[in-house]
Amino acid sequence: MGEQKKEAVGTPGGRRIADIILECRNLWKIYGKIVAVKDVSLEVKEGDIKLIFGPSGSGKSTLARCLAMLTTPTKGDVFLMGECLTKPGVDLNKARAKIGFVFQHIWLFHHLSALGNIELGLRRVLKLPKNEAREQAIQALKEVKMEEWANHFPAQLSGGQQQRVGIARALAMSPEIIILDEPTSALDPELTGEVIDTLRDLAKKGTTMLVISHEMPFAREVADEMIFLDEGMIVERGQPELFFTKPSSERARRFMARLIKLTRRE
Amino acid sequence: MGKQYQIIVDVYEKIFRGIPELVLILFIYFGVGLGLGFPPFKHAFTAATFALGLRSGAHQSQIFRGAIRGIGEEQMMAARSLGLSRLQAIFRVMVPQTFIIATPGLGSEYSLLVKDSSYAFIIGVPDIMFWTNRVIATPPLDPVFPYFAAAFLYILLTFPLATYLDMWGSRKKKQLGLQEGEG
Ligand SMILES: Nc1ncnc2c1ncn2[C@@H]1O[C@H](COP(=O)(O)OP(=O)(O)O)[C@@H](O)[C@H]1O
Ligand SMILES: [Mg+2]
């Protein structure tokens, strides 16, 4: 039975299924007349860093939220560690706990301290005892260099500090993968650096990540694959060098040119 | 919340915020209770309680709706992303914030409720106003002191708690950067 299941979700080419952490196949998300995500298939393997980019409104956030099952796809399937999440009867709470999510506009819980934000999931979802949850939460804060701010409320922190707590909150749950939806785009330019540094640290540790970002130097440095999304579709995908030297699609070429020009000007 | 409930709540709020408390008390006691003969409302205390509750409920519903709008779907999604169930998210994330945002408003609503209760003596509920009038009437007394005493009692009932709630809520809201939603 177990063997059969493995075969059923295995990809052609004989790669071991256990390597694939998160995957979607022919995913669609339609809002009324708007097709936000159009027939997208992708997979993230263990230790992979995938970078998704594309114009505003191209469906990046929607795709990310569908992958984390924070919104239900209209069509298509999502698999986490080989388990299909898009069929009825799946314990989605359990699945979501294994997928870390960092939001563009951060969305810390306003009424809880930095520490409280992290402890909530540890205590109520992973059901850790109080002192253990505290220990793990502090450890997570250390990883993003925020342990000195443990008892501050979100409103008392800078945007960059808040986002680092947001990352720690996702990280503390020991997820299989972390999805980050434009983690720096809501921040003032001078605050993006500290968050990018945090992400670099995660990359070095081999964290499996799917990052939506337009921080091109960072992308070039850490991404295993870049995926260019436009109008809900994957227009082009490949290694970073491909995009920085000779993107084959006209749309990707134009978008890259604009991004690089913007980065230079700053 | 479903659309049809939304409409029901909306109509309820509009109606009961629009009717003066005195009219509502008289209507429920004399109209529904004695006129139409609805047994519970023949009892003055029950009728007054119900009338006060209806109006206060309309205000509170409005206060809480604004508070919930201020928190928004985002906090819910953030909570769900950690694997919290819908119920856990509501009780651990939404409710605590709703109360903080609602507290200053609830403080004034509480004062209003205590003050509005002073109409109840008109249908014979033995409250502060009832006894004040009784004291003045038998034997006839200079009304200055009894009314002054009544006013003082109302202030004692409303001022400390309302002020405390207002101050606590406002401070907490500021500290946490929380705000009501528009619309
Ligand atoms: N909850 C929603 N309801 C209706 N339309 C939505 C919703 N979320 C996103 N959309 C639409 O889907 C498209 C893709 O949006 P989004 O995924 O946010 O793009 P991006 O993150 O790339 O900027 C947009 O046209 C947007 O207006
Ligand atoms: Mg987006």
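Annotations for the structure displayed:
- Whole-percent carbon and sulfur share, accessible surface of segment A:77-153, 1.4 Å: 49 percent
- Radius, Kirkwood style, for chain A when every pair of distinct Cα atoms is counted (Å): 19.3 Å
- Taken about its Cα centre, segment B:3-175 carries a charge dipole of roughly 620 debye when the Cβ of each Lys and Arg holds +1 and the Cβ of each Asp and Glu holds -1.
- Quotient of C-alpha Rg and 2.2 N^0.38 Å, computed over chain B: 1.29
- Accessible area buried at the A-B interface, both sides summed, 1.4 Å probe (Å², nearest 100): 2100 Å²
- Rough spin-label spacing in nm, given labels placed 7 Å along Cα→Cβ, for B:THR46 and B:ASP127: 1.9 nm
- A:ILE260 sits with roughly 50 Å² accessible to a 1.4 Å probe, with DNA, RNA and ligands left out of the calculation.
- Only DSSP H runs of four or more residues enter the estimate; each adds -39500 (n - 2.57), and after division by the residues of the protein assembly as shown the mean residue ellipticity at 222 nm equals -17000 deg cm²/dmol.
- Antiparallel content of DSSP bridges confined to the protein assembly as shown, in %, to 5: 55 percent
- Per residue, the solvent-accessible area of the protein assembly as shown (1.4 Å probe, heavy atoms of protein chains only, all protein chains present) comes to 51 Å².
- Acute angle (nearest 10 degrees) that the helix B:144-176 long axis makes with the longest principal axis of chain B, alpha-carbon atoms: 0 degrees
- Shown for segment B:3-175: the carbon plus sulfur share of the solvent-accessible area, taken with all protein chains present and a 1.4 angstrom probe, equals 73%.
- Cα gyration tensor of the protein assembly as shown - equivalent ellipsoid semi-axes, whole Å, descending: 58, 24, 20
- With both labels modelled 7 Å from their Cα along Cα-to-Cβ, the B:LYS3 to A:LYS130 distance reads 4.8 nm.
The values are calculated or read from the model by the stated rules, or taken from the named source; none is laboratory data. The model shown is predicted, which means the values in this text are computed figures rather than measured ones. No Cβ is skipped: glycine too gets one built from the backbone with ideal geometry, and neighbour counts run over all protein chains shown. These accessible areas exclude ligands, DNA and RNA; they are computed on the full protein's heavy atoms, side chains included. Shrake-Rupley method; radii C 1.70, N 1.55, O 1.52, S 1.80 Å.
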